[in-house]
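All of the numbers you see were taken from the coordinates with simple rules; none came from a lab. In this text, all values refer to a predicted model and were calculated from it rather than measured experimentally. Here the Cβ positions follow ideal geometry from the backbone for every residue, glycine too, while neighbour counts run over all protein chains shown.
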Amino acid sequence: MPATKAKSPKRPRKPGTPSGTHVAIIGAGRGGTALMEIFATDPLVQIVGVAEVQKNAPGIALAKRLGIPVTRDYRKLLDLERVDLIIDVSGNAKVWQLLQDFHRMGVTIIGGASAKFMWELIGARIRATAEIEKTLNKYQSLYRLYVKETGVAVTEERTRIACEMHDGLVQSLAGVNFKLDLSQQLIRKDPKASLATLRESKAQLKLAIQEARQVIFNLRPLHYDKMELLPALTNYLTSYETQYHIKTQFRVSGDEQILFPRTKIFLFRIVQEALSNVERHAKATRVTVGLDIDPERLRVTIGDNGVGFDMDTVLRDPDKWDHFGIRGILERAKLVGGEGKIESKKGRGTTIVVDVPLVKKETILDGKD
């Protein structure tokens, strides 16, 4: 085919790439789009033009966004003064036949099966990169959530324990101190009254010891040498029932040995948070905790017979969302790769279900291959 002397406007070169490869692309469909996406970020490549007859081809908008000249006549690309490589991904047999007959010193033509293989390879690379970025973003989000949750959890735990000690242990010890002072005053005037006061002091001191043990248990609920979850939950529910006079029922199926230590700790905190919410808000007389463990999934179910609440109202109000402890439970579930679901209706109690896949997600989150 004879070459004409007409020249199309040249695209300005990329700064710093005077000796880069000048590429022209015929076709702005999937193949042309993939080529533009990868070449646009390559400092050694400059796309000098794109030819496409379809006005709504997906690559047209991208070319305009990148400042690449676009023409409907592919033959104008052949007349460009600076072009080193022409890639035909149009899929048009007539175009490819004409290009095979085109010869110009220093210009390489790629088309047909070779061009298709090239853009499919590039497309696969783009998809793989996007998938990697998606995965990285996911775990970065989980990491940020973990850092946030850890900081918030420490603050919440300190506040809760401080309140427990102030309202329980400190008050009991102050009462014991008062009764001992009173007993000291009565020891000469009324020995019998002094003795009775000493007995009351002893009983109150025994209660203070129990409260101190509960505070210590809440700080370190699992025995870290064995990391036994079921005994820890059993002890906690027994203490909870005694302290708050709410009947508890605990049901277990499966073997806790397949759970990683980190999952056990978060699971205990989820149950602890849920039961704390029951005591503060539900006005319940009974609560049940179910733990179902199998090799592929862990499910925790916590239900009460309390007053319940309107889920739609709570979900629309961020203050109530935090007030009812829903956010903490759902975020802790996410930190072990699981999902939490809360169901509640006024007058019908509340049920919390946490599902955690164990096979893949737990292995990844625990840092094992």
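Trypsin sites (Lys or Arg not before Pro), restricted to the range 234-333: which are DSSP loop and have at most 14 other Cβ atoms within 10 Å?
Those satisfying the criteria are Lys283.
Can you tell me what the convex hull of the Cα atoms of the range 65-104 projects to on average, as an area in nm²?
3.5 nm²
What is the extension gain from Thr351 to Leu173, computed as 0.36 nm multiplied by their sequence separation minus the C-alpha to C-alpha distance, in nm to one decimal?
Result for the pair: 60.3 nm of gain on full extension.
Report, in listed order, any pair from Lys55/Lys76; Lys64/Lys134; Lys247/Lys334 with a Cα-Cα distance greater than 23 Å.
Lys64/Lys134; Lys247/Lys334
State, as an integer percentage, the relative contact order of the range 21-110 based on alpha-carbon contacts under 8 Å between residues 6 or more apart.
Reported as a whole number, the value is 35 percent.
Among the trypsin sites (Lys or Arg not before Pro) within the range 49-78, which fall in a DSSP loop and have no more than 11 other Cβ atoms within 10 Å of their own Cβ?
Answer by residue number: Lys55, Arg72.
What ranking do Ser253, Ser201, Ser276, Ser90 get, fewest neighbouring Cβ atoms within 10 angstrom at the top?
Least to most surrounded, the residues fall as Ser253, Ser276, Ser201, Ser90.
Tell me, what is the FRET efficiency for Ser239 and Ile110 to the nearest 0.05, using R0 = 56 angstrom and their Cβ-Cβ distance as r?
0.15
Pull up the DSSP beta bridges for the range 227-369 and report the antiparallel fraction as a percent, rounded to 5.
Antiparallel bridges: around 75 percent, rounded to the nearest 5.
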